[in-house]
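What follows is a set of notes on a single structure, which appears directly below.
Just so it is clear, none of the values below were taken in a lab; they were calculated from the coordinates. Remember, predicted model here, so these are calculated numbers, not experimental data. Cβ placement follows ideal geometry from the backbone for every residue including glycine, while neighbour counts extend to all protein chains displayed.
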Amino acid sequence: MLKNRNEQIQSVVKIGDAIICVVAFFSAYWLRNQEYFTGYGRIHNLESLTWMLAASLALHFLIYPALGFYLSLRLKSLPEIILMVFRAMAVEFFILGSMVFFFQEKTMSRYFFTFFILTNYSIVLLERLGARVLLSSFRKRGYNVRQVLVVGTGKNAARVIQALKMNKHWGYISCGLLGDPESRGDSISEVDGIKVLGEFKDLDRIVHEQAVDEVYFALEHLDPSKIYEQVALCERLGIPARFSLSFFELPHSSVTFNTLDRLPIITFYTTLMTPAEAVMKRFMDIVVALIGLGITAVLYPWIAWRISRESPGPVIFKQVRVGENGRRFKCYKFRTMVMGADSLKADLGTSNFMKGPIFKLANDPRITKTGAWLRKTSLDELPQFFNILRGDMSVVGTRPPTPDEVSLYEIHFRRRLSIKPGLTGLWQVSGRNEINQFEDILALDLHYIDHWSIWLDIRIIFRTIWVTLFRRGGGVRGGNRPRLRLPLLQLITALTTAGMVPASSG
């Protein structure tokens with residue numbers, strides 16, 4: 001019954017979101033045609049814009065559920081709701097803007113596009129925040145509350161009770177506790193002011209004697225064979241049974257819950273990316289890779305001529321690198337060293353200024369004159385757009401190591417391989433050539449992994465632009481002039497992704 005009610009509420013909210021989208025569309029059209037914007041011309045052909053309304057509605061059915069729009073707001077904080085809405089807005093802005101760019105919708109008004117997105121999500125944000133504040137106010141006053149029976153009397157149960165007391169806006173009230181099935185009649189009368197109403201086997205009696213909306217199993221040890229009957233009882237009565245699992249307290253992991261062919265699955269993630277975020281990141285990678293490969297095709301003849309003129313051999317250098325979770329792939333670059341450079345590496349080992357499983361030289365004698373220029377301008381990295389298009393790499397990530405480096409990794413180093421490597425990252429924009437400790441590089445990589453978000457990628461891109469313009473942190477140690485490698489690519493990335501909506505009639 002509770003499930004049916006939730007589904008009905010979700011259906012009403014979905015219809016409301018669709019209505020908001022339609023209202024925002026026509027409001028943006030009306031606003032764009034006001035006198036203030038007459039200098040940019042009027043939009044008379046509304047029918048030519050209806051594809052955007054249809055695309056926006058379709059995206060809502062994909063983005064909103066993926067970001068948890070239709071889950072209960074009861075447990076969501078105000079910052080979480082704001083972030084949820086802004087993430088959805090960023091995804092839709094990027095996808096619709098890319099459609100405008102690729103389909104060459106030259107008649108599309110930039111003002112109309114911006115008004116539509118901002119109006120839509122402003123109303124959605126106000127609606128979600130208003131509902132959250134209003135319902136929380138009611139719950140604090142004792143309305144729309146749910147009675148929770150907590151099973152357990154140990155530390156886990158105490159943490160559940162404290163959490164419910166500290167967050168009264170959730171509307172959960174502890175109505176009592178039941179003893180642990182292994183308590184064997186321990187004389188515990190209350191926990192944090194909440195009375196113990198009976199033993200574990202008394203669940204049937206308690207739920208018949210008083211109102212119980214939900215049962216929280218907060219046991220110190222979980223033995224399915226001992227609690228099966230009580231969980232089955234909750235199912236027969238139509239009462240939700242929830243489990244507080246504190247058995248694994250992993251400091252760097254987030255947790256997700258889903259099902260595998262109706263089998264409940266609990267997953268611990270060191271990196272947590274929602275489906276919508278994964279699609280957006282991959283879509284951005286593909287767009288940037290296609291644009292980058294176009295630039296590569298234009299510059300290839302000239303770069304190939306310069307490389308071949310100075311040093312005979314292949315123009316493209318292929319090197320095996322280690323990617324996500326140990327996958328090996330061929331990384332492509334324009335060749336910047338003399339032929340047989342790898343065979344000379346052993347003789348230069350004593351010149352390595354990095355401490356740890358990474359090899360870097362202050363003034364590498366293997367680099368050709370053309371190669372030094374390619375590295376300074378980052379043009380040597382252009383072929384890696386093919387790696388991004390294939391999915392071996394991403395625009396932002398961790399540095400892709402070589403198999404030799406990985407063979408020297410200690411166990412805690414390997415977590416940096418849990419995501420796709422990237423063309424730039426925190427290390428590259430944090431003065432990488434002033435860092436000579438691999439542990440410092442690892443700390444930056446793990447910070448990126450543990451705090452990953454689309455917004456962090458955007459900040460790294462903008463910081464890369466700063467590095468590009470002012471040439472900070474990109475030079476070769478001991479050299480006279482700073483060398484730029486990856487930042488130029490990120491400048492291209494930032495400029496292309498920032499210009500998804502082409503200039504039009506305003």
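Calculate the dipole size of region 111-245 relative to its Cα centre from +1 charges on Lys and Arg beta carbons and -1 charges on Asp and Glu beta carbons; express the result in debye to the nearest 20.
My answer is approximately 720 debye.
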- prompt: Over all pairs of distinct alpha carbons, what does the Kirkwood formula give as the hydrodynamic radius of region 78-229, in Å?
  reply: 19.2
- line: Taking Arg306, Arg335 and counting other beta carbon atoms within 10 angstrom, the fewest-first order is Arg306, Arg335
message: Once you compute Rg and the Kirkwood Rh from C-alpha atoms, what is the Rg to Rh ratio for region 68-139?
response: 1.12
- prompt: So which of Lys281/Lys318; Lys333/Lys376; Lys76/Lys195 end up more than 24 Å apart, counting from Cα to Cα?
  reply: Lys281/Lys318; Lys76/Lys195
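Could you sort the peptides 394-407, 222-235 by per-residue average Cβ neighbour count (10 Å cutoff), highest mean leading? Mind showing how you got there, number by number?
Values: 394-407: 20.5, 222-235: 12.9.
Highest-to-lowest ranking by the protection proxy: 394-407, 222-235.
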statement: The residues Lys333, Lys140, Lys14, sorted from fewest to most surrounding Cβ atoms within 10 Å, come out as Lys140, Lys14, Lys333
query: Per residue Cα convex hull volume for region 146-247, in cubic angstrom?
result: 90
- prompt: For region 206-312, what does the equivalent ellipsoid look like in terms of its semi-axes, each the square root of 5 times an eigenvalue of the Cα gyration tensor, given largest first in whole Å?
  reply: 58, 16, 11
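List the trypsin sites (Lys or Arg not before Pro) within region 357-460 that fall in a DSSP loop (any state other than H, G, I, E or B) and whose Cβ has at most 15 other Cβ atoms within 10 Å.
Numbers: sites: Lys360, Arg366, Lys369, Arg375, Lys376, Arg390, Arg414, Arg415, Arg416, Arg432, Arg459; in loops: Lys360, Arg366.
For trypsin sites (Lys or Arg not before Pro) across region 357-460 that sit outside H, G, I, E and B with at most 15 neighbouring Cβ atoms in 10 Å, the list reads Lys360.
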task: Quote the Stokes-Einstein diffusion coefficient, in whole µm² s⁻¹, for region 255-342, based on the Kirkwood radius over alpha carbon pairs, a temperature of 37 °C and a viscosity of 0.692 mPa s.
output: 191
query: Give me the log10 of I(q) over I(0) for region 387-426 at q = 0.16, 0.18, 0.35 Å⁻¹, as the Debye formula computes it from C-alpha points; what are the numbers?
result: -0.40, -0.50, -1.14
